[in-house]
Amino acid sequence: MIAALALALATATPGQPVAVEQRRLAAPEARQGVAAGRRSVYAVDNSTVARYDKATGQRLAVWQGDPKRFRHLNSCARHDKALVCAASNYPDLPMANMAIWLDAESLKLIEVRDLPADQGSLTWLDWHKGGWWAGFANYDGRGGAPGRDHRETVIVRFTRGFAPLQTYRFPPAVLARFAPYSTSGGAWGRDGLLYVTGHDRPELYALRLSPGSAVFDHVATIATPTGGQAIDWDPAAPARLWSIDRPTRALVVSTVPKVPQR
């Protein structure tokens with residue numbers, strides 16, 4: 001943990017808030033992201049999800065999807081008794097997206113629903129204030145649609161039944177940090193801010209949505225001990241964020257400092 005803190009401090013700019021690593025769990029499936037429940041954490045790979053005991057690190061259940069059907073799981077989020085996952089056909093074109101429901105305990109497949117791909121490649125879903133919020137990625141190179149680049153990355157708010165309600169834009173400063181990739185993770189904090197990650201930078205971006213605005217404000221950039229990919233807040237400890245360390249295949253939990261809201 002001391003080494004991780006030293007690394008985070010070394011990569012942070014002067015005065016930048018820093019998320020401090022608390023512990024990590026080995027998980028071979030930790031390639032795309034992580035989701036968190038009160039007693040379990042979930043490692044997400046392209047076509048696989050594994051459930052681990054948060055206290056012991058023991059693997060408790062595994063779902064292995066058909067790679068031909070489930071090409072690229074990007075993230076998952078715990079919602080009620082289900083794990084809801086965002087998936088796409090990245091890097092294939094034309095883009096195709098789906099939401100996948102798994103039983104949160106057994107990881108048995110419950111439901112698959114196709115979602116629109118007109119806004120981009122679905123990378124994350126999060127439940128907030130009675131509806132779904134989704135990140136749709138666009139890329140400069142591989143997997144990017146003709147005529148689009150990372151600047152077309154958006155957030156879409158849906159109803160419970162996934163009827164689109166409104167499209168929101170990222171602030172230019174955050175889009176610039178995504179380049180040449182896009183948003184990989186997103187999760188609403190209990191402070192009312194949306195926290196997002198890019199593909200590889202060891203950074204967490206805190207965003208605020210002002211009433212009547214269609215563009216999020218960039219509140220803060222937090223240095224993290226891991227690089228990008230999908231994230232999730234720990235429901236048992238609101239200031240703790242789970243992320244993944246792809247090179248070592250680990251699930252990492254860090255304490256995130258409180259972001260001042262001006």
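Send over the semi-axes of region 2-255's equivalent ellipsoid, whole angstrom and largest first, taken as the square roots of 5 times the C-alpha gyration tensor eigenvalues.
Working through the eigenvalues yields semi-axes of 24, 23, 17 Å.
Reachable aspartates and glutamates from Lys258, Cα under 13 Å, same-chain residues fewer than 8 places away excluded?
Within the straight-line limit of under 13 Å, Lys258 reaches these aspartates and glutamates: Asp191.
Sort 184-193, 101-110 for me by packing, meaning the mean count of neighbouring Cβ atoms within 10 Å per residue, highest on top.
Result, highest mean first: 184-193, 101-110.
Percentage of Cα-Cα pair distances in region 107-223 greater than 17 Å, rounded to whole percent?
54 percent
Give me a comma-separated list of calculated 3J(HN,Hα) values for region 155-162, in order, Karplus coefficients 6.51, -1.76, 1.60 applied at θ = phi - 60°, integers in Hz, x for any Gly or Pro.
10, 10, 9, 10, 6, 4, x, 6
HN-Hα J couplings of region 74-91 from phi, Karplus 6.51/-1.76/1.60, θ = phi - 60°, integer Hz, Gly and Pro as x?
With coefficients 6.51, -1.76 and 1.60, one gets 9, 6, 9, 9, 6, 9, 6, 9, 10, 10, 9, 10, 9, 9, 9, 9, 3, x Hz.
Ordered by residue, what ³J(HN,Hα) values in Hz, to whole numbers, does region 203-212 give under the Karplus form 6.51 cos²θ - 1.76 cosθ + 1.60, where θ = phi - 60° and Gly and Pro are x?
9, 10, 9, 8, 10, 10, 10, 7, x, x
Under a 5 Å amide H to amide H cut-off, with H placed in plane at 1.01 Å, what residues pair with Trp124 once short-range neighbours are removed?
Gly135
Can you pull a Stokes-Einstein diffusion coefficient for region 13-58 at 25 °C (0.890 mPa s), Rh from Kirkwood over Cα pairs, as a whole number of µm²/s?
Estimated via Stokes-Einstein, D reaches 205 µm²/s.
Mind ranking 175-181, 234-240, 249-255 by how tightly packed they are, going by the mean number of other C-beta atoms within 10 angstrom, highest first?
Final packing ranking: 249-255, 175-181, 234-240.
Want the number for Tyr168 to Asp66: 0.36 nm per residue separation, take away the alpha-carbon distance, what's left?
Roughly 33.4 nm would be gained on extension.
Using a 7 Å offset from the Cα along the Cα-to-Cβ direction at both Ser106 and His128, what is the distance between the two label points in nm, to one decimal?
Distance between label points: 3.3 nm.
Straight-line reach from Lys81: which lysines have a Cα under 25 Å away, not including same-chain ones fewer than 8 places off?
Once the sequence-local lysines are set aside, what remains near Lys81 is Lys54, Lys108, Lys129.
Values quoted throughout were computed directly from the atomic coordinates according to the rules given, and no laboratory measurement underlies them. What you see is a predicted model; the values in this text were computed from it and never measured. Cβ atoms come from the backbone with ideal geometry, glycine included; neighbour counts cover every protein chain shown.
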